[in-house]
Amino acid sequence: MDVKKKILIVDDSRGWIEYHKQTIQKLFGAQFALEEANCASGGYDMVYNNLNIPYALIISDLQMELDFEPKYAGEWLIEQVKNLKEYQSVPIIIISATYDIRNIASQLGVNCLPKSIAARDLMSYKLAIEECLR
């Protein structure tokens, strides 16, 4: 039985969740099983409930619910995920409009792609995912 690799998309914008799902399907076909959460705490629940077969990739926004201030919700999520031994090697991409996305991603040790690029440059989007899944 061939089990598809799973990608978790975490974003509080329904439009962005749909954009990610449609773009990944357009670029990679039915290669991945796509799952979603609309907030950081929901994303953490999904990750925690998938410890036996971890996601192959997590794509997360930074600015979601305000429960984790002064941190962005996405920062909190990434820190929690990285504390789980089953997810130590799972790549994470922050796709966000946050102005200091590269600095935050660097501090967290994850990849990033500004939403402005993700929205208009499909090749950069595809390369970001391929780079993470190598």
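Annotations
- For region 1-74 versus region 76-123, the gap between their alpha-carbon centres in whole angstrom: 11 Å
- When the Gaussian network model of the chain links Cα atoms closer than 10 Å, the mean-square fluctuations of Ser124, Ser60, Ser96 top out at Ser124.
- Lysine pairs in region 13-134 with Cα atoms under 21 Å, if 8 or more residues apart or on separate chains: 7
- Per-residue ³J(HN,Hα) for region 61-76, Karplus 6.51 cos²θ - 1.76 cosθ + 1.60, θ = phi - 60°, Hz, x for Gly and Pro: 7, 9, 8, 10, 5, 8, 5, 10, 3, x, 7, 6, 4, x, 4, 4
- Accessible area in square angstrom per residue, the chain, 1.4 angstrom probe: 53 Å²
- Heavy-atom accessible area ranking, 1.4 Å probe, most first, across Leu62, Leu122: Leu122, Leu62
- In the chain, the portion of solvent-accessible area held by carbon and sulfur atoms comes to 49 percent [1.4 Å probe, whole percent, DNA, RNA and ligands not counted].
- Option label - Rg and Dmax of the Cα atoms in Å computed here, alternatives (1) 20.2, 67; (2) 13.6, 45; (3) 15.1, 49: (2)
- Taking amide H as placed 1.01 Å from N in the peptide plane, the amide H of Ile94 sits under 5 Å from that of Ser60, Asn111, Cys112, Leu113, each at least 5 places away or on another chain.
- Additional length obtainable on full extension of the chain from Arg120 to Glu79, 0.36 nm per residue less Cα span: 11.9 nm
- GNM result for the chain, Cα springs below 10 Å: residue of Pro70, Pro91, Pro114 fluctuating most strongly: Pro70
- Rounded to 5, the percent of DSSP beta bridges in the chain classed as antiparallel: 0 percent
The values are calculated or read from the model by the stated rules, or taken from the named source; none is laboratory data. The model shown is predicted, which means the values in this text are computed figures rather than measured ones. Calculation scope for accessible area: heavy atoms of the full protein, side chains included, ligands and nucleic acids excluded. Shrake-Rupley method; radii C 1.70, N 1.55, O 1.52, S 1.80 Å.
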